[in-house]
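Following: one structure in structure tokens, then a few remarks.
The values are calculated or read from the model by the stated rules, or taken from the named source; none is laboratory data. The shown structure was predicted, so the numbers you read here are calculated from the model rather than taken from an experiment. Cβ placement follows ideal geometry from the backbone for every residue including glycine, while neighbour counts extend to all protein chains displayed.
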Amino acid sequence: MSYLEEVEDVYKEAALNPQKGLCCTTTPIWQLPGLNIPTKMLEMNYGCGSTVHPRDLSNNPTVLYVGIGGGMELLQFSYFTRKNASVIGIDPVEEMISSCVENLIAAEKQNDWFKKDFIKLYKGNALQLPLENESIDVAAQNCLFNIFFEDELTKALKEIYRVLRPNGRLVFPIRSANPKYLKI
């Protein structure tokens, strides 16, 4: 079994049995008026906090988020875009996608402004994004790229740049004990 398959197994289990605190934080960075985050969605926040700043979400961008967790970032991005299919989530774990859909339905009930149709979910991964070239304004991920070896990271970055529109923005943290310059 490859390390990527092992990671998928961890997140399959986390989708089926939410594990509060599995990763770095369960506290949303953005406290916004009228934004209510369902409890299960908070428990399934398996990232290190949003890497996107609200200013990156001006002018109604199409936003890509790779590695969706419980959907909290997708909901937060929707707060700023509020149009159908303006936020796109990609995840390789079918169970995570199903749990995210359930959480988005709960979010729709708790937020008068939110429609689950603001978000489009795809099964896929960062190494082969199921999206058209130059279709995204803002691309983000939340620590996912930190697990990749150099070859996979280079491939994932090339994929992100393939789907970004001209002047699009890629926003993500890199944490590494041995940072290297990557030629893309």
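Brief remarks on what is shown
- Condition met for S86 (at negative phi and surrounded by 21 or more Cβ atoms within 10 Å (Cβ to Cβ)): no
- Identity of the residue in region 136-156, more than 17 Å from E8 (Cα to Cα) and under 15 Å from the mean Cα position of the chain (by Cα), that ends up modelled with the lowest pLDDT: A140
Residue-by-condition table, conditions (1) over 24 Å from A126 (Cβ atoms); (2) modelled with pLDDT of 90 or more; (3) not in a loop (DSSP other than H, G, I, E, B):
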residue: L22; (1), (2), (3): no, no, no
residue: T25; (1), (2), (3): no, no, no
residue: L32; (1), (2), (3): yes, no, no
residue: L35; (1), (2), (3): yes, yes, no
residue: L75; (1), (2), (3): no, yes, yes
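- Restricting region 108-134 to residues that are part of a loop (DSSP other than H, G, I, E, B), of a type outside the set (A, V, I, L, M) and in contact with a strand residue (DSSP E or B) (Cβ under 7 Å, 6 or more places away or on another chain), the residue that is nearest to G168 (Cα to Cα) is E134.
- Boolean, Y65 is part of a strand (DSSP E or B), crowded, with 16+ Cβ neighbours inside 10 Å and on the phi < 0 side of the Ramachandran plot: yes
- K109 being touching a Pro at 6+ places or on another chain (Cβ under 9 Å), modelled with pLDDT of 95 or more and surrounded by fewer than 18 Cβ atoms within 10 Å (Cβ to Cβ): yes
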